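**Q** I'd like to ask some things about the structure below.
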């Protein structure tokens, strides 16, 4: 399938899409970012990561526009100054935390600029620290003051069925009060209702004055489907589940096999020369 005819912006997920399993940005990915610039196509990134956790990508990709951290919970400029943010309602944050802990998951709380945890040795803390390149702050418990500034609350477990079940419970319990979706099989991200990847598309559309029909999106997880639905052309990674692939306009190779770079050249850049 050929790409959309007049793409002006490519919005890319980060983990599982833009970087390899080892969180490496390949030379091919950097090269196609330059090719997009040369073709006059903007590149933007969105992730469940905090903005600080994406800062190492800004220079190699020469990003110029808004960066959407926390799945759209916070939009920042390339210098990390905040454009807009959506914090969880404090009562909703409190309810979310209780639901996650009651389901037997560990929990993390993110504010605009801090990552709060209760145990440095808990599952995925070391890996996440290496990924985002900054340390979490250990607290004895999550206080009302912390929850008053929560942009994202994460439920964590290596029991993947438990995380999936918790996603369903949280979605049903919170309803329209928040957005809850797995960003990884072991992470359940809960953010403000406006902080989801579908809203990232519409926000970037407004900020950059680019119609959603001229925006292409690429991702690998169920939470990326929200941005697929809002954009003119969508690409699922080869490492996506069949469910995610079925909801994209096209499918590329896996993130271990230059899926991002191949997709840009096959579906996005080809559209400019078609």
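**Q** Hey, among 233, 260, which residue is within 19 Å of residue 184 (Cα to Cα) and assigned by TED's automatic domain parsing to the domain that holds residue 30?
**A** 260
**Q** Among the strands (runs of 3 or more DSSP E) confined wholly to region 156-251, which include 2 or more residues that are surrounded by fewer than 24 Cβ atoms within 10 Å (Cβ to Cβ) and touching a helix residue (DSSP H, G or I) at 6+ places or on another chain (Cβ under 6 Å)?
**A** Passing ranges, in order: 179-184.
**Q** Can we say residue 87 is more than 19 Å from the chain's Cα centre (by Cα) and within 25 Å of residue 191 (Cα to Cα)?
**A** Here the answer is no, as residue 87 does not meet what is asked.
**Q** Quick one: what pairs do we get from region 196-209, first residue without any contact (Cβ under 8 Å) to a residue 40 or more places away in the chain, second buried (at least 24 other Cβ atoms within 10 Å of the Cβ) and part of a helix (DSSP H, G or I), C-beta under 9 Å, 6+ apart or different chains?
**A** If the second residue must be buried (at least 24 other Cβ atoms within 10 Å of the Cβ) and part of a helix (DSSP H, G or I), the pairs left are 198/72; 198/227.
**Q** Does region 137-155 hold any residues that are in contact with a strand residue (DSSP E or B) (Cβ under 6 Å, 6 or more places away or on another chain) and in a helix (DSSP H, G or I), and which are they?
**A** 146
**Q** Could you please find all residues in region 110-127 being in contact with a strand residue (DSSP E or B) (Cβ under 8 Å, 6 or more places away or on another chain) and either touching a residue at least 40 places away in the same chain (Cβ under 8 Å) or surrounded by 13 or more Cβ atoms within 10 Å (Cβ to Cβ) (or both)?
**A** Passing the criteria: 110, 112, 114, 115, 116, 117, 118, 122, 123, 124, 125.
**Q** Also: Among (1) assigned by TED's automatic domain parsing to the domain that holds residue 230; (2) in a helix (DSSP H, G or I); (3) crowded, with 23+ Cβ neighbours inside 10 Å, there is one condition residue 35 misses while meeting the rest; what is its number?
**A** That leaves (3) as the condition not met.
**Q** If you don't mind, there's one more thing I want to ask. Given (1) in a loop (DSSP other than H, G, I, E, B); (2) surrounded by fewer than 21 Cβ atoms within 10 Å (Cβ to Cβ); (3) touching a residue at least 24 places away in the same chain (Cβ under 8 Å), where does residue 52 come up short, assuming only one miss?
**A** Result: residue 52 passes all but (1).
**Q** OK, next. Select from region 217-237 the residues that are in contact (Cβ under 8 Å) with a residue 60 or more places away in the chain and farther than 16 Å from residue 14 by Cβ and list them in ascending order.
**A** Selection gives 231, 232, 233.
Listed here are the residues, each with its yes/no results for (1) surrounded by fewer than 18 Cβ atoms within 10 Å (Cβ to Cβ); (2) over 26 Å from residue 128 (Cβ atoms); (3) free of Cβ contacts under 8 Å to residues at least 40 places away in the same chain; (4) out of contact with any helix residue (DSSP H, G or I) (no Cβ under 8 Å at 6 or more places or on another chain).
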residue	(1), (2), (3), (4)
30	yes, no, yes, no
56	yes, no, no, yes
59	yes, no, yes, yes
66	no, no, no, no
74	no, no, no, no
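**Q** In addition: Kindly establish whether residue 164 is in contact (Cβ under 8 Å) with a residue 12 or more places away in the chain and within 27 Å of residue 22 (Cβ to Cβ).
**A** yes
The values are calculated or read from the model by the stated rules, or taken from the named source; none is laboratory data. Since this is a predicted model, take the numbers as computed values, not measurements. Note that we place each Cβ from the backbone using ideal geometry, even for glycine, and neighbour counts take in every protein chain shown.
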